[in-house]
1. Output ³J(HN,Hα) for the range 33-44: one whole-Hz value per residue in order, computed from phi by the Karplus curve 6.51 cos²θ - 1.76 cosθ + 1.60 with θ = phi - 60°, and x for Gly and Pro.
2. How big is the gap, in Å, between the Cα center of the range 1-55 and the Cα center of the range 81-98?
3. Please turn the phi angles of the range 67-76 into ³J(HN,Hα) values with the Karplus equation 6.51 cos²θ - 1.76 cosθ + 1.60 (θ = phi - 60°), one per residue in order, whole Hz, x for glycine and proline.
4. When we measure straight from the Cα of Lys229, which lysines land under 22 angstrom away, once same-chain ones fewer than 8 places off are left out?
5. Between Ala286 and Glu334, what is the label-to-label distance in nm when each label sits 7 Å out along the Cα-to-Cβ direction?
6. Distance between Cα centroids, the range 223-270 to the range 124-199: provide it in whole Å.
7. Name the lysines eligible as straight-distance cross-link partners of Lys435: C-alpha to C-alpha under 24 Å, and not fewer than 8 places from it in the same chain.
8. For Arg154 and Lys211 in one chain, what is 0.36 nm times their gap in residues minus the Cα-Cα distance, to one decimal in nm?
Amino acid sequence: MKTLIDNALIEREMHNLEVTSLDDLSIRQLVSLVKTFEKESGEEFIHFEIGVPGLPASQVGIDAQKRALDEGVASVYPALEGEPKLKEAAAKFIRTIIGADITPSHCIPTVGSMQGAFASLMAIAALDQKKDTILYLDPGFPVQKTQADVLGIRREAFDIYNHRAERLAPKLEEYLSTGRIAAILYSNPNNPSWMCLTEDELRTIGELANKYAAVVIEDLAYLTMDFRKDVDPATGLPTQVSVTPYAKDYILMMSASKIFSYAGERIAVACISPHLFTRKSESLKARYGLPSFGNVFIHRLIYTLSSGVSHSAQMAMAEMLSQAADGIYNYREEVREYARRTDRIREILSRHGFHLVYDKDVDERLGSGFFFTIGYKDMKGGELLYNLLRCGVSGIVLSSTGSDYEGIRACSSAIKPHHYDLLDERLAMLEEIVKIN
């Protein structure tokens, strides 16, 4: 059967990327692969592979950033610890949405949460020489494990799907009791499954982290994007449960990329708990010349990694956070569009025999949002991706996220109105391929 992309082209480009299996591709490698396929075939792809914002950047941020540039900030080095306006806005936003009382001085701007995670791992790895391992609650964002590999930090992981609710504590303790776990890292809502940890689960994580002196890294890239939850009736604002009431040592990574569609400016804030910020250790001092975590984070790591964060981008994020916390800017209604797209995509996929891989959130129906996971019959992830690519559809293999399950991570962000009919046609082509084979 004639397909949009020839097998020989797929094999040639995989060879050029020096990979033998689609399971081994990074997200960026896959993006490069698909661009080549589009260029050589002249066919537009359905892009499920990369989680870039599919909405215009927040006008609130753009206007604030323009004002800052007009006021001359481009000629001034930003403070390493961040501009006061952003630090205060971040603390106010966290206090309003999560309920955590974080001091503005402990809110540190980073060049996206990628830098926030990288600096966090570097500092945490030096806190206690006996603790040499990061525990990832999978499935997860693949590059966060790559960061540990680049830094030479040992890592462990388990797929949390089969260890929800009361099964989570014994599984966590299995790892924590070794005495080697320096930090626990997860995203909530989860990338890629869109599962959302409950308050009881977050209490379990926090209390066990305290028991075994581990740091919790909570990636809030999709903060308040669980659209099953209504706003707080008292304030009219969205809320989200967090590990913050339960853990002594935590870092919240809060990015502007998805909630404000501000990915191009690479701006985020790492909010460090008071206990961790002031925590001192001899091994930190031996490694970095300073004994306290907060000072190492700012004056050794942020300083040497980027010497601060774009001045004008900080002003943009400050305004977005401040207006959101005050109820002036309803960012959540803007990003709700992703849930609408996902609902429509999932209906088309279901008609063509696909199923959700991660389909339950403990005992609740899984919500719709930015990401979702799909499987087809009994196909392995790499085989499914190969056949989807032949039909002009891309995604990433779930095994790259640390998943125990076969399938594809899909993202609704790049979907445009004309793509729904196109997806229907492409999936019909896939069904024909499967029948012939």
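1. Values, residue by residue: 4, 5, 4, 5, 4, 5, 5, 7, 9, x, 9, 6 Hz.
2. The two parts, judged by their Cα centres, are 40 Å apart.
3. 4, 5, 5, 5, 7, x, 5, 4, 8, 10
4. Answer for Lys229, where 22 Å is the Cα cut-off: Lys92, Lys258, Lys360, listed by chain and number.
5. It is 4.8 nm.
6. Taking the Cα centre of the range 124-199 as reference, the centre of the range 223-270 is 20 Å away.
7. Output for Lys435: Lys2, Lys377, Lys380.
8. 18.4 nm
Each value in this text was obtained by applying a stated rule to the coordinates, not by laboratory testing. Because the structure is predicted, anything quoted here is derived from the model rather than measured. In this analysis, Cβ positions are derived from the backbone assuming ideal geometry, glycine residues included, and neighbour counts consider all displayed protein chains.
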